[in-house]
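What follows is one structure encoded as structure tokens, with my remarks underneath.
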Amino acid sequence: MKDYKGKNFIASYSGGKDSTLAIYRAITHGMIPLEFFTTYNTDRDQSWFHGIPKKILEKVSNEMGVKITLLKTDGEHYNDNFESKLKEARKQGANTCVFGDIDLDEHLKWCTDRCEATGIKACFPLWHESRKSLVYEFIDSGFEAIITVVDTSRLPEKFAGKILTKQVAKEIENFNADICGENGEYHTFVFNGPLFKSPIKFQTGEIIKHGQYAVIPLS
């Protein structure tokens, strides 16, 4: 990370624990955040994968003190729209894009390909570190997150809506699921921690089923 000190960066921000920890590491290593962007599902009116509505993302932006842009896209134009955002960020002075991926080679390739196509350097602050140690580092750093999505083919529905603690992480592991959810077992929304001026206030609704996924709606 020392090679990135002083670099202006944009970040692919999901609202979840991994992208948040990656951003936190980037900032603590002297990188300068210009903007975060969240891919936003125009069909469901919420962020892709983590299910966070626009109103809450606006609160996050205010509490972090960094602009969060919604990259509105459908699945068909996802790649092209992602690259368009990176080109725009480069014109505004960003030379690096931070990602929260850990060790899935297909994710590394996809992100790197998008960046290379647009003249921006891809940065992966968490790459090839222990999944368990990253979960514990996230919690020990003072971040708080709620589990918003559970893949019920891999984990019981009961984990939806739980706050991610070390005990909950151990319970996830006991079900032979990845403790970090790197294979899509679960997704989170980070609502408090050292990047926030104050905790994000939100409410949760009853579980909604989308096929095999149990989703806790946030408002």
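Laboratory data are not the source of any read-out in this text; all were calculated from the coordinates shown. No experiment lies behind these values; they were computed from the predicted model shown. Cβ placement follows ideal geometry from the backbone for every residue including glycine, while neighbour counts extend to all protein chains displayed.
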Tally the DSSP beta bridges in the range 1-153 and give the antiparallel ones as a percent, rounded to 5. 10 percent
What value, in deg cm²/dmol to 500, does the helix sum -39500 (n - 2.57) over DSSP H runs of n ≥ 4 give at 222 nm once divided by the residues of the chain? -9500 deg cm²/dmol
Out of 54, 209, 121, a Gaussian network model of the chain with alpha-carbon springs under 10 Å gives the largest mean-square fluctuation to 209
Can you flag which of 2/158; 54/87; 5/158 are past 32 Å Cα-Cα? 2/158; 5/158
In what order do 107, 77, 187 fall by count of nearby beta-carbon atoms within 10 Å, going from fewest to most? 77, 107, 187
Using modelled backbone amide H atoms (1.01 Å from N, in-plane), which distant-in-sequence or interchain residues come within less than 5 Å of residue 11's amide H? 35, 36, 37, 98
Name the most mobile residue of 16, 30, 75, meaning the one with the largest mean-square fluctuation, in a Gaussian network model of the chain with Cα contacts below 10 Å. 75
Amide H neighbours of residue 40 under 5 Å, at least 5 residues apart or on other chains, H built in the peptide plane: list them. 48, 71, 72, 73
Hey, in the GNM for the chain with a 10 angstrom Cα cutoff, which one of 53, 194, 33 fluctuates hardest? 194
Based on the Cβ-Cβ distance from residue 28 to residue 92, what FRET efficiency comes out when R0 is 25 Å, to the nearest 0.05? 0.60
Isotropically averaged projected area of the chain, using the convex hull of Cα atoms (one quarter of hull area), nm²: 11.1 nm²
The convex hull of the Cα atoms of the range 144-215, divided by residue count, gives a volume in Å³ per residue of 86 Å³
To the nearest 0.05, the calculated FRET efficiency linking residue 153 and residue 54 through their beta-carbon distance, R0 being 25 Å, is 0.30
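Relative contact order for the range 2-123: what is it in percent, counting Cα pairs under 8 Å that are at least 6 residues apart? Show your work: numbers first, answer last.
Values: 193 pairs, mean separation 35.5, N = 122.
About 29 percent, as a whole number.
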Taking a virtual spin label 7 Å from the Cα of residue 208 along the C-beta vector, which residues in the range 118-154 bring their backbone nitrogen under 14 Å of it? 148-150
Over the range 1-130: Rg over Rh, Cα atoms, Kirkwood Rh: 0.93
